[in-house]
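Before I ask anything, here is the structure I am working with.
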Amino acid sequence: MLRIVAFLIGTLQRTYVQLVGQLPIAELLHIVVGPLLAMSRTDVFRVRGAKTTLFLGSCWFGSLILSDFLNGTVPDDFLRGWANVFMILLAFVAWMALAAREPSKVAMFYLAGLCIAGAVAVVRGQTRAEVGGEWWDTSVRLWANPLTILGMWWVYRFRPSLSMAIALGYGLASIAFGSRSNGLLFLMTAALMFASRAVARNQYAVNRAQILRGALIAVPVLAVMFCTYVFLGTRGVLGANAQAQLVTLRQPYNPFHVILSSRPEGLAGLRAIIDRPLFGHGSWARNARYTRFQGDLIESISKPGVTVNIRVKEANPMIPAHSVVLASWIWGGLAGGLFWIFQMYLFFQLMVFFFKRPHLPVAPLALYAGLSVAWNVPFSAFGFARLAWPIYLAVLLVERYHVEWREREYALQQITLQSEHSVVTPQSTG
């Protein structure tokens with residue numbers, strides 16, 4: 001039954017109903033199923049990391065309410081802001097209950113449903129309006145990402161090297177067709193899978209000298225990769241979006257300029273946080289000062305005569321962020337930022353845990369999920385927090401708990417066997 005529910009949530013993730021705006025039917029299932037399952041599986045919230053997540057999430061929700069009160073946020077905005085945080089936390093509760101018994105199986109059924117949802121969205125033409133961008137993003141990524149993760153996960157059980165090849169091939173294809181950040185996530189997943197197994201063969205013996213040698217090798221390699229990226233990007237090999245971004249820069253081979261041109265909203269959002277660090281600006285906060293600052297940043301790194309996107313010159317635009325952690329801090333204050341900083345730390349812990357156990361079938365998902373959080377929480381919008389983050393966290397927290405329990409049981413069995421087979425020989429006298 002739980003597998004069917006997970007499959008339905010994945011399948012209906014891109015099918016919407018009109019309530020207070022567009023709401024995925026998958027989130028309606030969270031509302032219906034989450035509380036019912038959670039009441040019957042309260043024990044699962046004792047899992048390490050779950051209580052802290054719920055506590056910090058409650059603090060974030062309370063801080064957002066206070067911020068809206070202090071800033072005089074209009075009802076339309078504060079209702080949307082409160083609903084956003086509530087649905088994020090409710091999704092986590094629902095997935096903790098769904099994943100309580102068999103987290104891996106539930107996640108597989110969800111990913112299978114997500115493949116169908118992505119394919120249907122492409123056929124309907126929804127993706128052009130929702131994600132825009134290159135052909136890969138509008139026609140391939142939404143169904144191919146979950147399919148690739150499923151393929152990596154399934155193949156990893158009996159051919160880890162083939163699983164790495166799948167991640168590597170898909171990552172290179174994504175970059176070649178313009179989906180750069182998406183492709184980089186899969187390339188890094190393949191690299192971590194390889195490193196995990198290499199370290200395991202050496203019984204986790206990694207010393208400082210090895211780390212230093214790796215860093216010395218990585219720096220020139222990354223420099224060559226970056227220069228190759230800029231060279232190919234400026235010539236249109238990596239898609240129209242990459243070319244449009246790079247050819248307008250004064251110094252396209254300056255990595256800081258490339259990063260800033262990709263996410264200029266980040267510095268504007270940081271300035272908004274510095275102005276009101278404790279209580280924030282309220283839900284869906286608007287202030288033209290910060291979008292003008294964003295426009296000035298873009299102009300400072302662009303070639304003379306480049307026209308800045310009109311979006312940053314609207315009369316009363318939202319404070320820019322394009323970041324889960326920054327937007328949470330801007331809207332709800334320090335508590336919102338701390339919640340997502342803790343989540344990045346928690347996923348780092350989970351990545352390390354499964355990195356050290358490459359024999360586990362769930363290892364590829366854990367490595368990909370950790371990298372996905374490391375990228376999307378600082379650099380992506382709230383859709384990631386509402387749809388992807390809850391299942392990644394719930395499945396990996398429960399999976400870690402099961403692994404730790406099995407390891408403790410095995411250790412106890414070994415101690416018992418040793419004590420049973422130990423023979424005490426009496427000391428001879430005379």
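Across segment 184-189, in residue order, what do the Karplus-derived ³J(HN,Hα) couplings come to in whole Hz, using 6.51 cos²θ - 1.76 cosθ + 1.60 with θ = phi - 60° and x for Gly and Pro?
Taking θ as phi minus 60°, the curve returns 5, 4, 6, 5, 5, 4 Hz for segment 184-189.
For the pair Leu267 and Ile25, how long in nm is the line joining their label points, each one 7 Å along Cα→Cβ?
Label at Leu267, label at Ile25, 4.6 nm between them.
Which value does Rg/Rh take for segment 242-288 over its C-alpha atoms, Rh per Kirkwood?
Working: Rg = 14.4 Å, Rh = 12.6 Å.
Ratio value, two decimals: 1.14.
Still on this structure, please answer the following. Amide H of Ser302 versus every other amide H placed in the peptide plane: which residues, excluding those fewer than 5 positions away on the same chain, fall under 5 Å?
HN-HN under 5 Å from Ser302: Arg250.
Please compute the modelled spin-label separation between Ile4 and Val237, points set 7 Å along Cα→Cβ, answer in nm with one decimal.
Taking the two extended label points, one gets 5.2 nm.
Follow-up. How far, in degrees from 0 to 90, does helix 103-124 lean away from the longest principal axis of the Cα atoms of the chain, to the nearest 10?
Between the helix axis and the principal axis of the chain, the angle is about 30 degrees.
What Rg and what Dmax come out for segment 204-277 when only alpha-carbon atoms are used, in angstroms?
Looking at segment 204-277, its Cα Rg and Dmax stand at 17.2, 47 Å.
According to the square roots a ≥ b ≥ c of the eigenvalues of the Cα gyration tensor, what is the shape class of segment 1-124, taking rounded for a/c under 1.5, prolate for a/b larger than b/c otherwise, and oblate for the remainder?
Values: a/c = 2.66, a/b = 1.24, b/c = 2.15.
The shape class here is oblate.
Pop the C-beta distance of Tyr345 and Ile259 into the FRET formula with R0 = 22 Å and round what comes out to the nearest 0.05. Walk me through the intermediate numbers first.
Working: r = 22 Å, r/R0 = 1.02.
Step by step, r from the Cβ atoms, then E = 0.45.
Is segment 272-391 rounded, prolate or oblate when judged by the Cα gyration tensor, a ≥ b ≥ c being the square roots of its eigenvalues, rounded requiring a/c under 1.5 and prolate requiring a/b larger than b/c? Let's see the in-between values first.
Details: a/c = 3.01, a/b = 1.86, b/c = 1.61.
Taking the square roots of the gyration eigenvalues as a ≥ b ≥ c, segment 272-391 is prolate.
Using amide H atoms built in the peptide plane, which far-off residues or other-chain residues are under 5 Å from Arg286 H to H?
Ile319
Rounded to whole Å and ordered largest first, report the semi-axes of the equivalent ellipsoid of the chain derived from its Cα gyration tensor (root of 5λ). Don't jump to the answer; show the numbers that get you there.
Working: eigenvalues 311, 167, 101 Å².
Listed largest to smallest, the semi-axes of the chain are 39, 29, 23 Å.
Of the lysine pairs in the chain, how many meet both conditions: Cα atoms under 29 Å apart, and a spacing of 8 or more in sequence or different chains? Present the calculation step by step, with values, prior to reporting the outcome.
Numbers: Lys51/Lys105; Lys51/Lys356; Lys105/Lys356; Lys303/Lys313.
Taking the chain as the scope, the lysine pair count is 4.
We did not get these values from a lab; they are worked out from the coordinates using the rules stated. A quick note: this is a predicted structure, and the numbers were derived from the prediction, not measured. Quick reminder, even Gly has a Cβ in these numbers, built from the backbone with ideal geometry, and neighbours come from all protein chains shown.
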